[in-house]
Amino acid sequence: MEKIRTLTGPIVPLERSNVDTDQIIPAVFLKRVTKTGYEDALFHSWRQDPAFVLNQEPYRHGGVLVVGHDFGTGSSREHAVWALRDFGITAVLGPRFGEIFRGNAGKQGLLVGQITDESKEALWAVARANPGAEITVDLESRTAIADGVSHEFAIDDYTRWRLLEGLDDIALTLRDEAAITDFEARRPSWMPRTQPMREGTP
Amino acid sequence: MGKTLAEKVWDDHVVVKGEDGAPDLLYIDLHLVHEVTSPQAFDGLRQAGRRMRRTDLTVATEDHNTPTLEIDKPIQDPTSRKQIETLRQNAAEFGVRIHSLGDKEQGIVHLVGPQLGLTLPGITVVCGDSHTSTHGAFGAMAFGIGTSEVEHVMATQTLPLKPFKTMAINVEGELRPGVTAKDIILAVIAKIGTGGGAGYVFEYRGSAIRSLSIEGRMTICNMSIEAGARAGMVAPDETTFAYVKDKPHAPKGADWDAALKYWKTLPTDDDAVFDAEISIDASELEPFVTWGTNPGQGASLSGEVPDPESFTDPTDRAAAERALEYMDLRPGTKLKDIPVDTVFIGSCTNARMEDLSAAADIIRGKQKADGVKVIVVPGSARVRLEAEAAGLDKVFTDFGAEWRFAGCSMCLGMNPDQLAPGERCASTSNRNFEGRQGKGGRTHLVSPLVAAATAIRGTLSSPWDLHADGSAPADFDGEARNVTAEELQIVDPQQQRLAEEV
């Protein structure tokens, strides 16, 4: 994973709340077995409307998405993160996120920061007044600066550290392999096993 | 201070305690796998040269892409077929047990774990599917994960996670006839919203929950995610133990005794404190239905389509306006006057034997409304077999419904079962998002009883509207009562605290 320190790009204002992952990428695009190439699927239904924000210049190439509350709710599909990333969205700022979405983003190097409602409104206002206005997101200091105003955002310490260092989660966990093996030796014998298979009734 | 159920299960699975803001490393007892969220994870293992740590704690099935008709023929859609074939190849290569289409244990992944006795109280369960919360009905800590985490579990059988906060959902009182677990959870979501549970694990408590079957509890835990919660749990009790006992993979002999002794220690201690708490009076509940495009946009079926102007919060108002436009509904329309094109009985929320039996009891001997398409999709091949043994297939087909093979079907637009643009559906599934059941499709989430009554009348209907079959409660006079979500007498002492945290 690439290390992230600062990200700069246009504020992409998605002025909607409750954007579930079915809207970010409909299920029909989840049939693929690859992990890239999802840019066309992003917000597929809404992008049929020429007036939709991502169909406008200068938002057609991505930037920092600023969203309403409860973005990324619903389905666990990590494809939502892949589609945003493939489209060119480098960070998402909003007041509240679906938990699984936020976790998935952290694993894939997509910065998701929680901002206040006031910051969200202010950033939307900046984009309305000056479409294409840039924002610089600084992960180190957890601030985003646009139009000369600094907005704090929240991201948990562990995810921030991993993004700053560009660390692979699995490799980190495997450092604790001895502890995992130890734990396994202590598991009760009644715990379920899928193998060998037991025949069902009836 | 005592501990909650969730804290007990969590603490007993911590491999490495996180320090200085680091997450705990949590051991995963059961990993359920399906075709959609796994191919990239298997690929990741291959690319890194990693093996799968515990194939004996892993089981795979095919559900999201599978057709529910002519399952003996090759899958028509080439991308769906490729995804299924990829799962089969990966299962063979890595040694994962798989229940493929046609196998008698195949079905929606969240039915497979419980029916095999793999889902047990006090264990941790994950799956690359947000409805993994279903398994919390047994007192398991069960939650959905993304594909990166699927790969992580495959490689390490653990996940680094911060403990969830705890919220008690107290549901006291007796449900009136015709009101089900589905109505409880829809009312809960309408109250706290799609994001109100973010960061929490719910524990459903109280007399109304205790008197539910395991299947009803699964319906409730299943939709915890629709309120934003990562997981939902119910403390294991005699109902749980009776359900689990003698299932194929349930513990036997001395293992059973040891498990039972442990399981009885799991319920939340009397002096434990939840981070948040809400209460709901079950006896006040009516059959519930959604009118909008997220599961929080619901109301009692006797009510009306709300006026967006009635919402004080501007984002809620805008969301309601947008939802009514998408749903093609006018404020003030009586919910019971809304005609449907399709009725779907199925999904991991409501496609177990109890759901199918309840729907069958309503429609037995009747005919479906003209012009309404009714499809009934058992959640698993085993449920299908059991339903057929009980003669339910005949009840449904005599009624004019289609009796299908098991799978996710019309819950999500990923297999051939989809709504056409503009089609309106009363659905026992879990999500009414725009396009969820097919592009342009309009979804009203309902219980199996409401789905059955709607299939008879052709408009959204409560079983209370069918007086002849005696399903109306004794005190129900047949007059529509305009009770809204706000009037459900839901007490929420922690609402302020929730608001502060957001």
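The values are calculated or read from the model by the stated rules, or taken from the named source; none is laboratory data. If you're wondering where the values come from, they're calculated on a predicted model, not measured in any experiment. Backbone-built Cβ (ideal geometry, glycine too); neighbour counts: all protein chains shown. We work out accessible area using only protein heavy atoms, side chains counted, and drop any ligands, DNA or RNA first. Shrake-Rupley method; radii C 1.70, N 1.55, O 1.52, S 1.80 Å.
Couplings 3J(HN,Hα) of region B:63-80, computed from phi: 8, 5, 8, 6, x, 10, 10, 6, 6, 7, 9, x, 5, 5, 5, x, 6, 5 Hz, in residue order, whole Hz [Karplus 6.51 cos²θ - 1.76 cosθ + 1.60, θ = phi - 60°; x for Gly and Pro]. Think of chain B as a dipole: +1 on every Lys or Arg Cβ, -1 on every Asp or Glu Cβ, centred on the Cα centre; then among B:G365, B:T443, B:S38, B:S38 lies furthest on the positive end. Comparing Cα centroids, region B:296-310 and region A:109-143 end up 34 angstrom apart. Helix A:177-186 versus the longest principal axis of chain A: what is the Cα-based angle in degrees, 0 to 90, to the nearest 10? Helix A:177-186 sits at roughly 50 degrees to that axis.
Of all beta bridges DSSP finds with both residues in chain A, what is the antiparallel percent, to the nearest 5? For chain A, the DSSP antiparallel bridge percentage is about 50. Springs between alpha-carbon atoms under 10 Å, Gaussian network over chain A: tell me which of A:A133, A:A146, A:A178 tops the mean-square fluctuations. The residue with the greatest mean-square fluctuation here is A:A178. Of the residues in region A:130-179, those shielded by at least 40 Å² of accessible area once partner protein chains are present, compared with the chain alone at a 1.4 Å probe, are A:Y158, A:I170, A:T173, A:L174. Candidates B:M218, B:G199, A:G166 compared by Cα position along the dipole of the protein assembly as shown: farthest toward the positive end lies A:G166, with charges placed on Cβ.
Share of antiparallel DSSP beta bridges in chain B, in percent to the nearest 5? Here the share of antiparallel DSSP bridges comes out near 25 percent.
Here is the interface size for A with B: some 6400 Å² of accessible area buried, both sides summed, with a 1.4 Å probe. Treating each Cα of region B:2-140 as an identical point scatterer and ignoring solvent, apply the Debye formula and state log10 I(q)/I(0) at q = 0.11, 0.17, 0.19 Å⁻¹. The computed values of log10 I(q)/I(0) come out as -0.47, -0.99, -1.16. Quick one: grab the alpha carbon gyration tensor of region B:78-140, order the square roots of its eigenvalues as a ≥ b ≥ c, and give me rounded if a/c is under 1.5, else prolate or oblate depending on whether a/b is larger than b/c. Prolate. Let me make sure I get this right: for region A:1-159, a, b and c are the square roots of the gyration tensor eigenvalues over alpha carbons, sorted descending. Under 1.5 in a/c it's rounded, otherwise prolate if a/b > b/c, else oblate. Which is it? Oblate, since a/c reaches 1.5 and b/c is not below a/b. Of the residues in region B:148-171, those shielded by at least 30 Å² of accessible area once partner protein chains are present, compared with the chain alone at a 1.4 Å probe, are B:S148, B:E149, B:H152, B:T156, B:P160, B:K162.
When the Gaussian network model of chain A links Cα atoms closer than 10 Å, the mean-square fluctuations of A:A91, A:A80, A:A129 top out at A:A129.
What lysines does B:K82 reach when the alpha-carbon gap must be under 23 Å and sequence neighbours fewer than 8 apart in one chain are set aside? Partners found: A:K31, A:K35, B:K73, B:K104, B:K439.
Under a no-solvent Debye model with one identical scatterer per Cα of region B:212-263, what's log10 I(q)/I(0) at q = 0.13, 0.15, 0.31 Å⁻¹? Once normalised to I(0) and log-transformed, intensities are -0.40, -0.51, -1.14. Across the accessible surface of region B:66-116, with the other protein chains kept in place and a 1.4 Å probe, carbon and sulfur atoms take up 53 percent.
Residue-wise HN-Hα couplings along region B:217-230, as the Karplus relation 6.51 cos²θ - 1.76 cosθ + 1.60 with θ = phi - 60° gives them from phi, are 5, 5, 4, 5, 4, 3, 9, 3, 4, 6, 9, x, 6, 6 Hz; Gly and Pro carry x.
Distance between the C-alpha centres of region B:246-266 and region B:146-190: 23 Å, rounded to the whole angstrom.
Amide hydrogen proximity for A:I135: with H placed 1.01 Å from N in the peptide plane, the residues at 5 or more positions away or on another chain lying under 5 Å are A:G9, A:I11. Counted over region B:279-426 with a bin width of 5 Å, the fraction of Cα pairs per bin, in whole percents, is 2, 9, 15, 18, 17, 16, 12, 7, 3, 1, 0.
Classified by the C-alpha gyration tensor, region B:138-192 has a prolate form. Its axis ratio a/c, with a ≥ b ≥ c, is 1.5 or above, and a/b is larger than b/c. Residues whose amide H comes within less than 5 Å of that of B:V15, counting only those at least five positions distant or on another chain, are B:L25, B:L26, B:Y27 (H built at 1.01 Å from N in the peptide plane). Over chain B, what relative contact order in percent results from Cα pairs under 8 Å that are six or more residues apart? Relative contact order of chain B: 17 percent. Taking the 1.4 Å solvent-accessible surface of region B:209-350 as the whole, the part contributed by carbon and sulfur is 49%. Rg and Dmax of chain B, based on Cα coordinates, read 21.8, 68 Å.
Give me the compactness ratio for region B:323-392, meaning the Cα radius of gyration over 2.2 N^0.38 Å. Taking the Cα Rg and dividing by 2.2 N^0.38 Å, one obtains 1.37. Taking all protein chains as shown and a probe of 1.4 angstrom, B:D271 keeps an accessible surface of around 90 Å². Each residue of region B:155-165 was assigned a 3J(HN,Hα) from its phi angle through the Karplus curve 6.51 cos²θ - 1.76 cosθ + 1.60 (θ = phi - 60°); the sequence is 7, 10, 6, 9, 9, x, 8, 7, x, 7, 6 Hz, with glycine and proline shown as x. Derived from the Cα gyration tensor, the three semi-axes of the equivalent ellipsoid of region B:20-88 are 30, 14, 11 Å, largest first.
With all protein chains kept in place, the per residue accessible area of chain B amounts to 32 square angstrom at a probe of 1.4 angstrom.
Summarised as an ellipsoid, the protein assembly as shown has semi-axes of 35, 32, 25 Å, derived from the eigenvalues of the Cα gyration tensor scaled by 5 and square-rooted, with the largest first. For B:I98, nonlocal amide neighbours, meaning residues 5 or more places apart or on other chains whose placed amide H falls under 5 Å from its own, are B:A60.
Write down the percent of antiparallel bridges among all DSSP beta bridges whose residues are both part of the protein assembly as shown, to the nearest 5.
About 35 percent, rounded to the nearest 5.
Under 13 Å of direct C-alpha separation, and excluding same-chain neighbours fewer than eight residues apart, B:K394 reaches these aspartates and glutamates: B:D361, B:E386, B:E402. As an exercise, use a Förster radius of 56 Å and the Cβ-Cβ distance of B:D398 and B:T79 to find the FRET efficiency, rounded to the nearest 0.05. Given R0 = 56 Å and the Cβ-Cβ separation, E is 0.95.
Using the structure shown, select from B:K3/B:K264; B:K162/B:K264; B:K336/B:K368 the pairs with a Cα to Cα distance greater than 19 angstrom. Long pairs (Cα-Cα over 19 Å): B:K162/B:K264. Restriction of the trypsin sites (Lys or Arg not before Pro) in region B:318-417 to DSSP coil positions whose beta-carbon has at most 16 other beta-carbons within 10 angstrom yields B:R364.
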